[in-house]
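Coordinate-derived values only; no laboratory data. As the structure is a computational prediction, the values presented were derived from the model and not from experiment.
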Amino acid sequence: MSGVQKTVLVTVAAIALVLGAVVAKVNRQAPLDRDVLSESGIFLFDSPRSLPEVTLKAATGDEWSEQDLTGQWDLLFFGYTFCPDICPTTMADLRKVVESLPQESRDQLQVTMVSVDPERDTPKQLSEYLGYFKAGFKGVTGEPTELAILAQALSVAYIPPDTSEENYLVDHSGQVVMVNPEGQYVGFIRPPFKTAELSRWLPRIMASE
């Protein structure tokens with residue numbers, strides 16, 4: 001190999017390295033700005049928070065525990081199927097968000113409705129209600145004490161209803177809780193939900209953790 005050829009090869013290799021560094025820099029996304037996220041209604045904690053041990057019942061009739069929140073990202077919404085406004089709107093918004101995500105993100109995300117109305121929300125009732133949304137959402141409910149333990153750990157507020165009243169309502173907060181694949185509480189999404197913003201940021205959050 002002549003000296004000229006060696007020089008050309010070295011030059012080409014150097015250019016390739018420079019181009020590779022430039023491409024990597026362009027493709028590398030900037031760190032998530034929590035102030036920007038908060039403007040979109042997304043609030044992330046500085047440190048993940050562990051979840052307590054709970055035993056609930058899934059809409060399938062199977063036993064459900066905090067271990068079911070591992071292995072994938074989870075969005076949890078505490079509500080109930082007889083809710084006249086907030087719950088159906090929130091579930092519809094979450095369906096829009098999930099449908100707009102890249103397939104890779106969809107495959108790594110599970111949406112679960114936690115019913116705070118176990119008196120009426122039997123597994124069958126939950127299953128039928130969630131089926132209306134045709135989005136693969138899951139549902140759980142259980143004993144009031146177990147629900148309270150989970151809700152308190154996730155900073156979700158609700159008032160146990162007077163079930164002796166006919167067509168009673170349940171007061172509850174409307175945020176959506178975010179749990180990472182390690183089963184840790186990492187943040188929440190505050191209503192009103194900005195579906196376009198959530199569709200933009202959720203894949204970034206899921207990839208950054």
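Things worth noting here:
- Out-of-range pairs (alpha-carbon distance over 19 Å; input 96/138; 96/134; 96/124; 96/194): 96/124
- Gap separating the Cα centres of region 54-83 and region 122-157, nearest whole Å: 5
- Counted residue by residue at 0.36 nm each, then reduced by the alpha carbon distance between them, the extension gain from residue 124 to residue 190 reaches 20.9 nm.
- 5 angstrom amide H check on residue 111, placed H, neighbours 5+ away: 75, 138
- At q = 0.16 Å⁻¹, base-10 log of I(q)/I(0) for region 34-208 (Debye sum, equal scatterers on each alpha carbon): -0.94
- Taking every alpha-carbon pair within region 131-170, the share separated by more than 15 Å comes to 59 percent.
- In this entry, region 104-209 is assigned a mean projected area of 7.7 nm², taken as a quarter of its C-alpha convex hull surface.
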